[in-house]
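K.L.:
Right, I'll just put the structure down here and ask away after.
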Amino acid sequence: MSGQDVVVLRDVTLGYGRIAAVKNVSFSIAEGEYVCLVGRNGCGKSTLIKGILGLLRPMSGTVDLRVGLDATAFLPQTPESGDFPATVWEVALSGCQRSGRGFWHSEKDKALARRSLAALDILDLAGRRIGTLSGGQRQRTFLARCLCREPKFLLLDEPYTGLDPEAAVELSEILLNLRDRGMAILMSSHDLGAVVSCASRVLAFEDGLAFDGGVDEWLDRHNRIDIQAFLEKKGRRA
């Protein structure tokens, strides 16, 4: 069940220089909502996420992140990390960092990191270098870093990219559990299966916000094959 709004956008236009990538978008997301942001590459999904996170200033309109940045976590697309010399523990613990604090971690932070790793069933990997992990293990590690922020609002940008089917199912179960605990989730995805199985609501972009509603209504309006083709059509990345 949804609760208070965590973010409200009113007539927001975002872009780069004088070129608008997202035009006149209005919507809100409440506690306990799992919202999927869909559309072809170049439609403005990543631009919208940057606007919500304050990485882009709106050209017009307002973005009201009501829970604040300290209660917001972001899981970006995870690149191949190679043998980067950071451990799973160090990556997770970095999520405890807050604005206005030095680079030190309290015992409370360390306990939170342990709980986050344990919740994602990777506490036994704490000493492993991030570059030695599988795609699913890396995704769990970066999600543990997000959980260390104790967020009320979680944003994810194409989190299923590069995951094998088993890891994708595990990620869906984790995210649904977070939603059931009242966390608001906004996920950008091209994975139709993830959208259908997880989302409570869809924001579909095609030359602006073309649809805002429930998953069943979205599917009823379009043939599933047509939707998959739409999501997979390539173009300029936002």
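The values are calculated or read from the model by the stated rules, or taken from the named source; none is laboratory data. The structure displayed is predicted, hence computed values, not measured ones. Here the Cβ positions follow ideal geometry from the backbone for every residue, glycine too, while neighbour counts run over all protein chains shown.
K.L.:
Can you pull out the residues in the stretch 95-105 that are closer than 17 Å to THR72 by Cα and loosely packed, with under 15 Cβ neighbours inside 10 Å?
P.N.:
ARG98, SER99, GLY100, ARG101
K.L.:
Follow-up. Of all residues in the stretch 39-73, which are of a type in the set (Ser, Thr, Tyr) and crowded, with 16+ Cβ neighbours inside 10 Å?
P.N.:
Within the stretch 39-73, SER46, THR47, THR72 qualify.
K.L.:
Moving on to the next point. Considering only residues that are among the charged types (D, E, K, R), closer than 22 Å to SER188 by Cβ and assigned to a loop (DSSP other than H, G, I, E, B), which ones fall in the stretch 119-176?
P.N.:
ARG149, LYS152, GLU158, ASP164
K.L.:
Can you find, within the stretch 106-156, the residue that is surrounded by the fewest Cβ atoms within 10 Å (Cβ to Cβ) among those that are closer than 23 Å to ILE29 by Cβ and among the charged types (D, E, K, R)?
P.N.:
GLU150
K.L.:
Taking the stretch 197-238 as the search range and keeping residues that are in contact with an Asp or Glu (Cβ under 9 Å, 6 or more places away or on another chain) and either outside any loop (DSSP other than H, G, I, E, B) or not assigned by TED's automatic domain parsing to the domain that holds VAL12 (or both), which one is modelled with the lowest pLDDT?
P.N.:
PHE230
K.L.:
When you go through (1) surrounded by fewer than 21 Cβ atoms within 10 Å (Cβ to Cβ); (2) under 19 Å from PRO76 (Cβ atoms); (3) not small (Gly, Ala, Ser) one by one for GLU173, which number turns out not to apply?
P.N.:
Checking GLU173 against (1) surrounded by fewer than 21 Cβ atoms within 10 Å (Cβ to Cβ); (2) under 19 Å from PRO76 (Cβ atoms); (3) not small (Gly, Ala, Ser), the one that fails is (2).
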